[in-house]
Structure formats: C-alpha cells, structure tokens
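The values are calculated or read from the model by the stated rules, or taken from the named source; none is laboratory data. Keep in mind it's a predicted model, so treat the numbers as computed, not measured. Cβ atoms come from the backbone with ideal geometry, glycine included; neighbour counts cover every protein chain shown. These area figures cover heavy atoms from the full protein model, side chains too; ligands, DNA and RNA do not enter into them. Shrake-Rupley method; radii C 1.70, N 1.55, O 1.52, S 1.80 Å.
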Amino acid sequence: PALEGSPLQLSIDLSTQAATRQVLEDGMRFTNAKGASAILMNIHTGEILSLVSLPDFDPNNRPHDAVFGDASDSPLFNRAAQGLYELGSTFKIFTAATSLEKGLANPQTIIDTTPFKWNRKTFRDYRDYGPINTMEDVIMKSSNTGTIRMALAAGSISQQDTLKDLGFFEAVPVELGEASRTKPLIPKNWSDSSTITISYGHGISATPLHLATAYSIISNGGYQVKPTLKRLKFNNSRGKKIISEKTSKQLVSMLRRVVSEEKGTASMGEVVGYEVAGKTGTANKPSPTGGYYDKKVIATFASVFPASKPKYTLIVSLDEPEFYALGEKRRAAGWTAVPVAAEIISRVAPILNLRPIMPNLQVTYTSLRSQ
C-alpha cells in the first residue's frame, strides 16, 4: 500500500525478451520439440531479464484452462516456472560442489570411472571414458560413474544439505503465482539409491527456474540470490554465503571446459568473445505407466557467461526434441538445447552491452604499440 500509485518497473528487458523468444521458437521448430523454455537471469541480483515458455498464447485471445489430459500440453502452462522435470546431468556440478566444499577432492583428484555395481544394477557411462579421470574430466565428459562415486563418498546428508542450500527443497520465491505453488519433487526416503541417481539428476524433479537460481549461486561467488521480476534500483546487500569463492571459481572453470574443449558435451555452445560455461542434461521422460520412455527426453543446457567474470545465467530446455543430423536421430542436449542457447547468447549479449573478449585482437594491438 505504501507504494500505491508508484510506477512498477520490471526487470524484463523487452529487446532481450523478444530476441530470446524468437530464437527459442526457431529452435523448438527445428528440433521438432513439443515445448521449450528459456530463462536469462542476472546472477548477482536475481533479476530476470527474459523468461519464455512455449507454446504460448495471445493474452487478447486467452484459451480455456485445460481440464483433461496433461496440463503441460496447454499453452497456459508455464514450463519455465511451473514445469517439474528431471534435469539430468546439469546436476553433476552440484555433486562436484559438495566434494569441493567438504574437502574430499579438488579438480585434479583422480576418480574411478569404471562400471559401478549397486545391488542388482550396473551403472555405465554413455561412452567408455577409461578407468580413471580427474574430477574436472568427469564433469567435462559427463561421467555418471565418476559422479556416483563422488556422491557416495560425500554421503546422503551432505548431498541433501547442498541441494537444500541451492533452493531445491522449496518453491522459488518469485512474483509468479504458479512458481510459488511449485515445489520440487524429492524422495520421501532419501536412500543410498536416491543419492546415486540424484547425483546425475534423476530421482528429483525441479523447474528450470530452480536450476537458474542454483547456477547463479554457484557462479556468483557462492551467494544466495532471490529471483525477481522487479527492477532493483539498489542492491548492495549480498545474500547468505552458500559456497566459498574458491569453490565457485573452480566450478565455473570446470563448466567452461565443458564448452571450450572438443571432448566437452557442450562444445557446440561456444560463442566467440563471450566465454560460455555450462553443463548439458539429457533426461529420459517418466512414463505415466511407470519407468521411462526410451526415446522421449527433456534436453537442458544450463549456462553462465562470461566465464572470466560471470554476470548472467541462461537455462534452455526442450521437451521431446528429435531431428536428423549426420544420418542419426539426435535428441541429446549437446545437439539440441546447446546450439539454441549459443544463438540466444550471441543475440542478447550485445543488447546487454557485454563487450566481447577478443584476445587475438588485444595481442595485435599490443604488438602494434610496441612497434
């Protein structure tokens, strides 16, 4: 009431929102996805610059609320803030964060990546990455077995503490009614089996907005942020310290390798001049009758840029993408969500007045001065 009559300024940037929506819609059409979402957030303030959920609708011709079937099939369903998904390997960086904070490992620590047997099930990686890898290689190559062993070494309680601090136990406190009513789905009995699957993003369901918040925390120096749709005039205070500055820098460095190196799962996400860092996640969709679909996935790319001085996080998620490339059907995030995110970053970075980092030009300029 004290602010009645005052102008309401939103954090949404109209140019950024328009560019994000256009690229996301083109990417959704190209990959034949049934739905898509994208969130661009300031990692320090929590201000949301763009938030898109597709398919959407014309507010002047609002469709009726869905009464039957899957609620997410309705254009009224906000996939970014309301959709609960298993977000796959994007969670592996949180497992690494726990190990680093507990002092159990550092980025160069050797991790066993051989097949892992638990009860009657054997866990294997998508490819054979060899018997051992460093922690940063486990993240870069997205090794399930290495991540599982890190999680078990840290323990279930430590895993829960990390995810709780990152916001995965509560609804996101943002000014959206549907978000405030959407809490992540977590196990009632957090067993060792839960610890295993949650280490690589299965067995827990959260919204892309939860993921954007968590990636903002791990990349901004480790401070808690509160997502908001309001433009903040003054924001000099920092939130609760979640992880150390050292751990934050190590995590961003590992995420940078996922994009910058040829063997990384997000190598198609490189945007010249903007140092993209991030992690892919390709999770099979649960079937209503039990188990998982073999050929239906949620493909997600959680990214941060620029890596040398992180300012923004971008989450792109595609629902059931599938297209042909190089003679094969492609569904993985590295082929679907990653290129879409790269195009969004290349479009919005100049709008955000981010100056591209061009080391080759700097060397040339320096050499010219010396001459």
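In terms of its C-alpha gyration tensor, region 81-154 comes out oblate, because a/c is 1.5 or above while a/b does not outweigh b/c.
Note on region 210-261: Cα convex hull, mean projected area over all directions, 4.4 nm². The portion of the accessible surface of region 1-123 made up by carbon and sulfur, rounded to a whole percent, is 53 (1.4 Å probe; DNA, RNA and ligands excluded).
For the cross-link pairs Lys141/Lys249; Lys226/Lys296; Lys263/Lys309; Lys121/Lys296; Lys92/Lys164; Lys230/Lys285, the ones whose C-alpha atoms lie over 27 Å apart are Lys226/Lys296; Lys230/Lys285. Helix screen, the chain: DSSP H segments with Cα axial length of 18 Å or more and mean Kyte-Doolittle hydropathy at least -1.0 are 14-30, 245-260, 337-351. Gyration tensor over the Cα atoms of region 1-68: the corresponding equivalent ellipsoid has semi-axes (square roots of 5 times the eigenvalues, largest first) of 27, 19, 11 Å. Each Cα pair under 8 Å and six or more residues apart adds its sequence gap; the mean of these over the residue count of region 176-311 is a relative contact order of 17 percent. Can you return the lysines within cross-link range of Lys233? Criterion is Cα-Cα under 21 Å, with same-chain partners fewer than 8 residues away left out. Correct list for Lys233: Lys311.
Rounded to the nearest whole Hz, the Karplus-based 3J(HN,Hα) values (6.51 cos²θ - 1.76 cosθ + 1.60, θ = phi - 60°) of region 124-139 follow the sequence 10, 7, 4, 10, 7, 9, x, x, 9, 8, 6, 4, 5, 6, 4, 6, with x at glycine and proline.
Heavy-atom accessible surface of region 197-288, averaged per residue, reaches 42 Å², computed with a 1.4 Å probe.
Here region 223-355 is treated as a sphere whose radius is the Kirkwood value from Cα pairs; by Stokes-Einstein at 25 °C and 0.890 mPa s it diffuses with a coefficient of 149 µm²/s. For region 215-371, the fraction of 1.4 Å probe accessible surface lying on carbon and sulfur atoms is 50 percent. Principal semi-axes of the equivalent ellipsoid, √(5λ) from the alpha carbon gyration tensor of region 32-184, are 36, 19, 15 Å from largest down.
Charge tally for Leu354 (other residues, Cβ to Cβ under 13 Å; Lys, Arg +1; Asp, Glu -1): +2. Using the Cβ of Ser37 as centre and a radius below 14 Å, the other residues enclosed give a net charge of -2, where K and R count +1 and D and E count -1.
Peptides 5-16, 47-58 ranked from most to least packed by the mean count of surrounding Cβ atoms within 10 Å: 47-58, 5-16. For the peptides 282-295, 253-266, the ranking by mean Cβ contacts within 10 Å, running from highest to lowest, is 253-266, 282-295.
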